[in-house]
Amino acid sequence: MDEIFKYTIGPVLAIIGVGVGSLLNARLTRKQKIRDELFSYKVKAHVKIAEAVQMTRKDFGYAILVLDGEPLMPFDQSDYKGHILIASYFQQIHHENILFLDKATRQASKLFGDTIIGTSIAYDRYEKNKNDKNRLQILTQIGYIEVRGQALFDLLYKKIGLNKL
């Protein structure tokens, strides 16, 4: 009896070890698949926000030309969306992708969105009363859009790890 026990304990323990190992491997593989999937959604969200940032910066660059009464001839006229449309577009993109942003990126994105809204309000104020004070406020706000947009863009770039490539 002792000999049977002696010769069967090794294979039984080996089978148990293989079973436990395969369960742990399956569990870790599943977790890794979930992490990879979530990271792909995070990258897509960051890309959408980065595109919206660049579109906003470009559109408010056009807004300076429109403000100064310059024709948009060097640029495609259809590229200019207008300050109200671009503000609502950025807010929509921000809200659609907020789930995949960490706290710092959410705050930077919100600050950028608030700056766009402030610039839109300043633009409306200028349209109603065209004076140098209101014009200067718009140009200041557009400067904020440039600085905060670049900061958000750099943060998005860093968060998805492109700075390490």
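Readers should treat all values here as calculations from the given coordinates under stated rules, not as data from a laboratory. Because the structure is a prediction, the values reported are computed rather than measured. Backbone-built Cβ (ideal geometry, glycine too); neighbour counts: all protein chains shown.
What to note about this one:
- For the pair Leu24 and Leu99, a Förster radius of 25 Å applied to the C-beta separation gives a FRET efficiency near 0.25, rounded to the nearest 0.05.
- Each residue, Ile9 and Lys158, gets one label point 7 Å from its Cα in the Cβ direction; the gap between the two is 5.8 nm.
- Packing-based exposure ordering (other Cβ within 10 Å, fewest first) of Val12, Val66: Val12, Val66
- Residue exposure proxy: Val43, Val53, ordered by other Cβ atoms within 10 angstrom of their Cβ from fewest to most, comes out as Val43, Val53.
- Counting every other Cβ atom within 10 Å of each residue's Cβ, His95, His83 order from fewest to most as His95, His83.
- The alpha-carbon of Lys164 sits under 23 angstrom from the alpha-carbons of these lysines, leaving out residues fewer than 8 places away in its chain: Lys33, Lys42, Lys44, Lys48, Lys103.
- Option label - volume of the Cα convex hull per residue in Å³ computed here, alternatives (1) 142; (2) 107; (3) 134: (1)
- The long axis of helix 83-97 is offset from the longest Cα principal axis of the chain by roughly 10 degrees.
- Springs between Cα atoms under 10 Å define the GNM used for the chain, and in it the highest mean-square fluctuation of Ile49, Ile34, Ile121 occurs at Ile34.
- The chain: most fluctuating residue of Leu28, Leu155, Leu99 per GNM, C-alpha cutoff 10 Å: Leu28
- Estimated FRET transfer efficiency when R0 is 45 angstrom, pair Arg35-Val147 (beta carbons, to 0.05): 0.85
- Around Leu111: net Lys/Arg minus Asp/Glu count, Cβ-Cβ under 15 Å: +1
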